[in-house]
Amino acid sequence: MDATKREIRNLECQLSFREASPEEAQEGYLGTISGRAICFGVESQILDDFGMKFREVIAPQAATMEFLNTQDIKINMLHMRELTFGRAKRGVSGNARLSVDNEGVNFEVDVPNCYLGIRARELTKAGVYDGCSFEFWPDKYDVEEREGKVPLVRHTHFRAITALTLGMD
């Protein structure tokens, strides 16, 4: 397990879309897409890193609001930077907002009235985009060994979270 490479994790989540209010529409927004980007304390599906099978758990202290407010996180589609339609920049600018609760990290992105915004809105509303993933650079891993078919549980700590991605689960 290499703490020097970018990693991506998928998450089944319920994405929702709320139509823009008349005021938001005048500001150039189509509405808001929201969902959960990261779940705390839940073992992932079985992951495989070059033959080493493990499960992963994200602890609440790995993604605090204080930490998220130091990050520049892009919101895109299908892990493609050229399909970026949102941004939460260090908690002070951008059209996306992040929040943290006991269960994980949530996001809301005001969808701009442009080609990418229309695409994100329509694919979310149609249920084509039904999942979210996040892209990160790990800081370190705490590994727990145990009995069974998947003997490792990796507790991941983030160095950086760089993107949240809408897509297909």
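The values are calculated or read from the model by the stated rules, or taken from the named source; none is laboratory data. Being a predicted model, the structure only gives us computed values, none of them experimental. Note that each Cβ is placed from the backbone with ideal geometry, even for glycine, and that neighbours are counted across all protein chains shown. For the accessible areas, the whole protein counts, side chains as well, though only heavy atoms, and no ligand, DNA or RNA atoms are used. Shrake-Rupley method; radii C 1.70, N 1.55, O 1.52, S 1.80 Å.
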> Whole-Hz Karplus ³J(HN,Hα) for the range 21-28, in order, using 6.51 cos²θ - 1.76 cosθ + 1.60 and θ = phi - 60°, x for Gly and Pro?
Replying inline: 6, x, 5, 5, 4, 5, 7, x
> In the chain, what % of DSSP beta bridges are antiparallel (nearest 5)?
Replying inline: 85
>> I'd like to compare 17-28, 140-151: which one has the highest average count of other Cβ atoms within 10 Å, and what's the full order after that?
In response: 17-28, 140-151
>> Shape verdict for the range 116-169, please, from the Cα gyration tensor: rounded (a/c under 1.5), prolate (a/b greater than b/c) or oblate.
In response: oblate
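Heavy-atom accessible area per residue, the chain, 1.4 Å probe: how many Å²? Please list the in-between numbers first.
Values: 9050 Å² over 169 residues.
Ligands and nucleic acids excluded, the figure is 54 Å² per residue.
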> With all protein chains present, how much of the accessible area of the chain (probe radius 1.4 Å) comes from carbon and sulfur, to the nearest whole percent?
Replying inline: 50
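Tally Lys/Arg at +1 and Asp/Glu at -1 over every other residue whose Cβ is under 15 Å from the Cβ of Val100; what's the total? Don't jump to the answer; show the numbers that get you there.
Values: positive: Arg36, Arg97; negative: Glu66, Asp101, Glu103, Glu108.
Within the 15 Å Cβ shell, the charges total -2.
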> Taking the Cα-to-Cβ direction at Asp101 and at Thr70 and moving 7 Å from each Cα, how far apart do the two end points lie in nm?
Replying inline: 2.6
>> Past 30 Å, Cα to Cα: identify those pairs from Lys5/Lys74; Lys53/Lys89; Lys53/Lys125; Lys74/Lys149; Lys5/Lys125; Lys89/Lys125, in the order given.
In response: Lys53/Lys89; Lys53/Lys125; Lys74/Lys149; Lys5/Lys125
> Relative to the first principal axis of the alpha-carbon coordinates of the chain, what is the inclination of helix 115-125, with its axis defined by its Cα atoms, in degrees from 0 to 90 and to the nearest 10?
Replying inline: 70
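Please give me the summed charge of the neighbours of Ala25: other residues whose Cβ is under 14 Å from its Cβ, Lys and Arg +1, Asp and Glu -1.
On the way: positive: Arg18, Arg121; negative: Glu19, Glu23, Glu24, Glu27, Asp110.
Its environment carries a net charge of -3.
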> For Val128 and Gln26, FRET efficiency with R0 = 30 Å and r from the beta-carbon atoms, rounded to 0.05?
Replying inline: 0.60
>> Going by amide H atoms built from the backbone, whose H comes under 5 Å of the H on Arg87, apart from near neighbours?
In response: Ile75, Asn95, Ala96
> If Lys and Arg each add +1 and Asp and Glu each add -1, what is the summed charge of the other residues whose beta carbon sits under 15 Å from the beta carbon of Val150?
Replying inline: -2
